[in-house]
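Trainee: I am attaching a structure below and will ask some questions about it afterwards.
The values are calculated or read from the model by the stated rules, or taken from the named source; none is laboratory data. Since we're looking at a predicted model, the values are computed, not measured. Reconstructed Cβ throughout: ideal geometry from the backbone, glycine too, with neighbour counts over all protein chains shown.
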Amino acid sequence: MMARRRIQDSASASAFDRLPLNALRVFEAVATQMSFTEAAETLHVTPAAVSMQIRTLEDYLQVPLFRRAGRSIELTPEGALLLPGVRRGLTDLQTALHQLRQSRSAGTLNISTLASFLQKWLLPRLPQLHDQHGDLQLRIHTSREAVDFSQSDFHGALRMSTGPEPGLHYEKLLDEWFVLVCSPELYKRFGPVRDSADLKRYPLLRSSDEPWQLWNRPDADRDWKEHGTAYDDSVAVLTAAEQGQGLGLTRWCLAAGDIKLGRLALASATVQTCPRAYYFVCPEAYLAMPKLQALLKWLRSKAREFANPPGAPVAGATDGGRPAGGGPKRKA
């Protein structure tokens, strides 16, 4: 059964390969004008080229399509039978091509991103995107898995990565840092965290996404232990910290908005550089799409506006002279 299907698929593909598409287009023009000369003018070719294409189509079909009587022509019954189907096919093809051209500039962009990044960084900024690009619609999917662009309809992805991988366009948008946060009330009670000894005063929130081992301090005192509820979601850690349940180790991009609004307090002046950064990833060919370029230009501007955390190490200018907060364009 599978072998028969492969043979049928192969035969179908071969038939399309042999189909005289240009000759069908010429046939429709001649049938519309009822003149080889006028059809040639419409198609910007010579009458001889039109005659050759019609002859090619008649040889392919093994039937005459036009009767020629002096300077006038008329469709044969076979030509009259063929014409409606050719017109329908050319109209459908023209419609599909028009829709494709339109979808390059407007319409839905399918984007994959991390759920935490969507909730805490991207989502609060999306109204600004809609104000600037009202015709641009996003369909956002959240996942940690790498996107297989060849097997999906995604146009791009926002991912944390250590750098480019082969075969895709990688553009760094944001560097990242680890910071300590808690509720303002808890901060007033226990004070700032200046060194590892100060951690003992706080109940520590546990997270599989940002384990405390990432807080690599030279003077680390290992006699304190994590305790309390463990979370496998970065946003849950921020929510627990906001509710006063403890001190959380989190990423700056996720916490900055809540710190600015006063929901969270930055508990330490020390920040740790994250080895990964946020990248926009897409196939190279998709960069030619105007709607993707509009999104990427907007993301770059938002990344440039986003301030680094207080006390963040001052990074040197990257390629292209951009500061660390908005990374340079990178390609795989």
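Trainee: Suppose the filter is surrounded by 12 or more Cβ atoms within 10 Å (Cβ to Cβ), part of a helix (DSSP H, G or I) and modelled with pLDDT under 95; does Ala96 pass it?
Mentor: no
Trainee: Contact list please: Cβ distance under 9 Å, first residue in the stretch 67-90 and within 16 Å of Leu24 (Cα to Cα), second residue assigned to a helix (DSSP H, G or I) and among the aromatic types (Phe, Trp, Tyr), pairs at least six apart or on different chains.
Mentor: Qualifying pairs under 9 Å: Gly79/Phe27; Leu82/Phe27; Leu83/Phe27; Val86/Phe27.
Trainee: Now, a different point. State which residue is farthest from Arg189 (Cα to Cα) when the search covers only the stretch 238-254 and only residues that are out of contact with any Cys (no Cβ under 7 Å at 6 or more places or on another chain) and assigned to a helix (DSSP H, G or I).
Mentor: Restricting to residues being out of contact with any Cys (no Cβ under 7 Å at 6 or more places or on another chain) and assigned to a helix (DSSP H, G or I), the top hit is Cys253.
Trainee: If you go through the stretch 26-66 one residue at a time, how many are within 14 Å of Leu81 (Cβ to Cβ) and either touching a Cys at 6+ places or on another chain (Cβ under 6 Å) or among the aliphatic types (A, V, I, L, M) (or both)?
Mentor: So the count comes out to 5.
Trainee: Across the stretch 109-143, what is the total count of residues that are in contact (Cβ under 8 Å) with a residue 12 or more places away in the chain and either loosely packed, with under 12 Cβ neighbours inside 10 Å or in a helix (DSSP H, G or I) (or both)? Write out each step before concluding.
Mentor: Looking only at the stretch 109-143, we keep the residues that are in contact (Cβ under 8 Å) with a residue 12 or more places away in the chain, and these are 109-122, 124-126, 128-129, 132-133, 135-143.
Pick out the ones that are also either loosely packed, with under 12 Cβ neighbours inside 10 Å or in a helix (DSSP H, G or I) (or both) and you get 115-122, 124-126, 128-129, 132, 135.
Residues meeting the conditions: 15.
Trainee: Go through Gly262, Gly257, Gly326, Gly311 for me and flag whichever is assigned to a loop (DSSP other than H, G, I, E, B) and either at pLDDT 95 or above or more than 16 Å from Trp177 (Cα to Cα) (or both). Walk me through how you get there before you give the answer.
Mentor: Working: Gly257 fails: assigned to a loop (DSSP other than H, G, I, E, B); Gly326 fails: either at pLDDT 95 or above or more than 16 Å from Trp177 (Cα to Cα) (or both); Gly311 fails: either at pLDDT 95 or above or more than 16 Å from Trp177 (Cα to Cα) (or both).
Exactly one of Gly262, Gly257, Gly326, Gly311 is assigned to a loop (DSSP other than H, G, I, E, B) and either at pLDDT 95 or above or more than 16 Å from Trp177 (Cα to Cα) (or both), namely Gly262.
Trainee: Still on this structure, I have one more. Any idea which of (1) touching a residue at least 60 places away in the same chain (Cβ under 8 Å); (2) more than 30 Å from Arg263 (Cβ to Cβ) is the one Ser152 doesn't satisfy?
Mentor: Just one mismatch for Ser152, condition (1).
Trainee: Name the pairs whose Cβ atoms lie under 7 Å apart, with the first residue in the stretch 40-62 and surrounded by fewer than 18 Cβ atoms within 10 Å (Cβ to Cβ), the second not in a helix (DSSP H, G or I), and 6 or more positions between them or separate chains?
Mentor: Partner pairs satisfying both residue conditions: Thr56/Pro20; Tyr60/Pro20.
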